[in-house]
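Report on the following structure.
The values are calculated or read from the model by the stated rules, or taken from the named source; none is laboratory data. This structure is a prediction, so every number in the text was calculated from the model and none was measured. Ideal geometry is used to build each Cβ from the backbone, glycine not excepted, and the neighbour counts take in all protein chains shown.
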Amino acid sequence: MSDKETTKAVLNLSAQALDYELPDERIAKYPLANRDESKLLVWKNGNIADSIFNSLSELLPENSLLVFNNTKVIRARLQFQKQTGARIEIFCLDPLEPADYQISFQQTESCTWNCMVGNLKKWKQEVLQKEIEVDGEAVILKAEKLLQADGNVQVKFSWNSSKAEFASIIEAAGILPIPPYLNRETEEDDLERYQTIYSKIKGSVAAPTAGLHFTDRVFDSLKSKNIECAEVTLHVGAGTFKPVKSATIADHEMHAEQIIVTREFIEKLIQHSNHLIAVGTTSIRTLESLYWLGVQLLKHPDAFPHELKVNQWAPYQNEDKIPAKQALISLLDYLSKNQLSFLIASTKIIIVPGYEFQIVDGMLTNFHQPQSTLLLLISAFLGDDWKRVYQHALDHDYRFLSYGDSNLYLK
């Protein structure tokens with residue numbers, strides 16, 4: 001099949017092809033008592049086996065490199081009550097002014113975010129406010145509605161403290177978001193368990209859940225087997241829960257997410273030639289996006305930082321066959337030329353059947369929702385075998401979705 005024929009087949013793919021019946025009782029509403037005691041389904045070149053997550057180091061090929069997403073989930077849900085009694089919930093998605101996550105979290109007195117708003121019709125033009133306590137200080141937090149576009153709202157937050165940073169404000173005022181399909185409110189245990197133990201960089205509104213299974217015990221066993229670990233950052237957006245509702249994949253709009261990687265990480269990718277295994281779909285999206293950013297920079301080496309974007313369909317519209325190493329070297333050249341130690345970019349990449357993986361050799365991931373873009377990604381790696389894998393899991397009492405069991409896929 002030619003590249004153009006492959007692209008056409010991808011665009012015409014129906015979301016119904018990625019459907020399966022998931023009974024509600026199979027969705028894990030709560031995590032296991034011990035993170036690393038979840039089941040681990042192992043798929044290797046078409047063969048399926050059952051294991052336990054804390055045996056991971058025994059199942060990985062020698063000299064593997066595991067890539068983790070070190071993003072941290074923020075307390076993105078802010079609830080306000082109007083004088084009329086109406087409740088308004090503001091869900092912070094991504095920063096607008098300033099647009100950089102870390103700089104926005106460091107702001108004092110004000111910042112502006114792109115938000116989803118619950119009960120929006122009850123919020124006219126009045127400024128919402130609530131009193132919170134930040135480090136022992138009483139602070140008034142205000143929310144002002146600015147522009148409304150594409151179903152979201154630009155909200156300016158301000159507070160009467162020159163000492164409190166926005167990171168402290170939402171830590172004090174916000175609620176940690178958990179997946180909507182859990183059908184329950186956030187509980188105290190979620191504050192710890194809906195974060196990976198290696199989370200560092202604040203910015204996600206959903207956890208990279210494949211990493212929730214890792215413990216210090218598992219990391220120690222990986223180290224004893226000389227399996228390397230490395231980290232990237234992709235801030236997970238609320239769009240990760242958005243199902244494919246269009247008749248074909250071509251009409252599904254992917255959400256943009258910010259990725260951050262260091263120069264040292266790119267150098268490690270270039271040096272490492274064996275068994276690169278991504279932990280979670282967000283790590284996969286980051287790694288594969290790096291390849292396409294490198295291809296972009298080979299063509300446009302003088303691109304400005306704000307132009308570093310991977311569009312949704314870019315991989316399927318490119319006919320050049322660029323070796324992965326060459327693409328990655330172009331990223332290093334760009335960083336050197338611009339005297340940068342970090343690469344910051346955004347990606348809307350959608351990975352669907354027909355996609356050719358450029359960086360990733362294997363993956364650790366959870367079980368995903370029917371008709372989701374995450375399941376599309378899995379089917380791109382496994383082909384139609386994803387149906388056999390998921391049926392095996394259903395037949396053998398695996399727990400599904402964010403707090404559920406795990407999979408290891410190896411080729």
What are the residues in the stretch 301-312 that are in a loop (DSSP other than H, G, I, E, B), in contact with a helix residue (DSSP H, G or I) (Cβ under 8 Å, 6 or more places away or on another chain) and surrounded by 12 or more Cβ atoms within 10 Å (Cβ to Cβ), if any? Ala303, Leu308
Cβ pairs under 9 Å, 6+ apart, first in the stretch 66-81 and more than 21 Å from Gly280 (Cβ to Cβ), second aromatic (Phe, Trp, Tyr) and part of a strand (DSSP E or B): Arg77/Phe91; Leu78/Phe91; Leu78/Phe157
Among the residues of the stretch 232-242, is any charged (D, E, K, R), over 21 Å from Leu364 (Cα atoms) and surrounded by fewer than 18 Cβ atoms within 10 Å (Cβ to Cβ)? yes
Restricting the first residue to the stretch 241-265 and requiring it to be under 16 Å from Pro315 (Cα atoms) and assigned by TED's automatic domain parsing to the domain that holds Leu66, which pairs with a second residue that is assigned to a strand (DSSP E or B) and modelled with pLDDT of 70 or more meet a Cβ separation below 8 Å and a spacing of at least six or different chains? Ala256/Lys309; Ala256/Ser346; Ala256/Thr347
Looking across the stretch 187-224 at residues that are assigned to a loop (DSSP other than H, G, I, E, B) and without any contact (Cβ under 8 Å) to a residue 12 or more places away in the chain, the single one that is surrounded by the fewest Cβ atoms within 10 Å (Cβ to Cβ) is Glu188
Only one residue in Ser110, Ser104 is among the hydroxyl-bearing types (Ser, Thr, Tyr) and without any contact (Cβ under 8 Å) to a residue 60 or more places away in the chain, so which one is that? Ser110
Would you check if Glu126 is in a loop (DSSP other than H, G, I, E, B) and exposed (fewer than 14 other Cβ atoms within 10 Å of the Cβ)? yes
Pull out all pairs, ordered by first then second residue, where Cβ-Cβ is under 6 Å, the residues are six or more apart or on different chains, the first lies in the stretch 40-55 and is β-branched (Val, Ile, Thr) and in a strand (DSSP E or B), and the second is surrounded by 14 or more Cβ atoms within 10 Å (Cβ to Cβ) and modelled with pLDDT under 95. none
Is it fair to say Tyr181 is touching a residue at least 40 places away in the same chain (Cβ under 8 Å) and touching a Leu at 6+ places or on another chain (Cβ under 9 Å)? yes
